[in-house]
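In what follows, a structure is listed as structure tokens, so that the remarks can point back to it.
The values are calculated or read from the model by the stated rules, or taken from the named source; none is laboratory data. None of these values were measured; they are calculated from a predicted model. No Cβ is skipped: glycine too gets one built from the backbone with ideal geometry, and neighbour counts run over all protein chains shown.
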Amino acid sequence: MTDDAQLTVRGLTKRFDSDFQIREVDLRVGDDEIVALLGPSGCGKTTVLRCLAGVETPGDGTIRIEDDLVYGDGVSMSPEDRAVGMVYQNYAVWPHKTVAENVRFPLKHADHEIPREEYDDRIESVLELMAIGDLADSPATELSGGQKQRTALARSLVHDPDLLLLDEPLSNLDRELRKRTRYELQRIQHELGVSMLYVTHDQEEAFYLADRVLVMNDGRVVERGVPSDLYQRPSSPFTRGFIGVRNRFEGTVEETPEGRVVHSELVDFRLDNADYVSDGAASGRVVCFLRPEDVSIGGFGGSADGRIELRGTVVAEGVLGEAYEVTVRFDGADAELVVHTETYHQFDRGDEILVRFQPRRLQVYGE
């Protein structure tokens, strides 16, 4: 990856009739880079993508694709002049056309430098790349979901764009096909060197594919970074709650002679024994997070070694993918812990069990 930017966005704003708005979004996609725009449904990520593609008009800000200003300062290029490929969530494959006719469309209408006499060769090449060369003359109405997705990708790549915009492209596929297709996307990106901005609500997709991830909430980017940093130690409580964590509880910090102590319905613990992510005052409200995989089942059988041990009751259990999940409720506390283990335990609802965890696994954020 070089320092060259395929996409640079500054201060992108879009207001709606409701209170919701896209607020001062800045983002950059480098050469040969995949950037994921990750967030919950309704946070504005698809609207940002549509503004970049030119099918929505921002209220303010600038958009540059490579060195070309495509929006801002009195400029507003049409979508076909922006030299990007776009894959929509529903693929937007025309049912009345064949696969090859669908793929040919950008060659006829988009801005590119491919000579007309090379159109057929280019279509054949990109269909082979997507492993659907044998479907060139097939009507789009006969395609499966995976074949439609590959057709949409082929159409977005046929005019050789340097930037590809993808809006939840795998959301309509089943789990196994999503896993295979995200591998294919990564392979194609490396093979062609095309930069990608990938919109998704699925953290697994974002973390698998992206070199960098931008987290959106309520119309703004709240955090950005490489996937490992965002997963291990995000700086905002929203990101921590949205990414990979199901255990959340609130507490109050009290200054004591022994130091600052967090009091909560679930457990009390010294703040300096936990991972205090946010800087804050010596006392006040905090939000605490604990990953399900950081909680173990069973007693110590010896020294507690600084670990916290709690006795609770099983209220739900079952196999979840490759993990066994147990939900535990605690007497006298309006709190539950979800526990993930690699070992299968055949608990019944109502069983009493012990759970334990190291206090340093608690991530604490000031409110």
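What the table shows:
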quantity: Qualifying residue in region 172-181 (condition: buried (at least 16 other Cβ atoms within 10 Å of the Cβ), in contact with a Leu (Cβ under 6 Å, 6 or more places away or on another chain) and among the basic types (Lys, Arg)); calculated: yes
quantity: Residue that is nearest to Leu52 (Cα to Cα) [pool: residues in region 150-191 that are polar (S, T, N, Q) and either outside the structural domain of Val35 (by TED's automatic domain parsing) or at pLDDT 85 or above (or both)]; calculated: Ser156
quantity: Members of region 19-63 that are surrounded by fewer than 23 Cβ atoms within 10 Å (Cβ to Cβ), assigned to a helix (DSSP H, G or I) and among the basic types (Lys, Arg); calculated: Arg50
quantity: Restricting region 146-161 to residues that are of a type in the set (D, E, K, R) and surrounded by 19 or more Cβ atoms within 10 Å (Cβ to Cβ), the residue that is farthest from His190 (Cα to Cα); calculated: Lys148
quantity: Out of Val126, Val194, sole residue that is touching a residue at least 60 places away in the same chain (Cβ under 8 Å), β-branched (Val, Ile, Thr) and crowded, with 17+ Cβ neighbours inside 10 Å; calculated: Val194
quantity: In region 306-331, the residues that are without any contact (Cβ under 8 Å) to a residue 24 or more places away in the chain and in a loop (DSSP other than H, G, I, E, B); calculated: Gly321, Glu322, Asp331
quantity: Residues located in region 4-28, provided they are more than 12 Å from Gly44 (Cα to Cα) and of a type in the set (Ser, Thr, Tyr); calculated: Thr8, Ser18
quantity: Which listed residue is acidic (Asp, Glu) and surrounded by 14 or more Cβ atoms within 10 Å (Cβ to Cβ), from Glu342, Glu352, Glu317, Glu322; calculated: Glu317
quantity: Where a residue in region 93-122 is under 16 Å from Pro161 (Cβ atoms) and its partner, wherever it lies, is assigned to a helix (DSSP H, G or I) and among the hydrophobic types (A, V, I, L, M, F, W, C), with Cβ under 7 Å and at least six apart; calculated: Val103/Ile123; Val103/Val126; Val103/Leu127; Val103/Ala154; Arg104/Ile123; Ile114/Leu107; Tyr119/Leu107; Arg122/Leu107
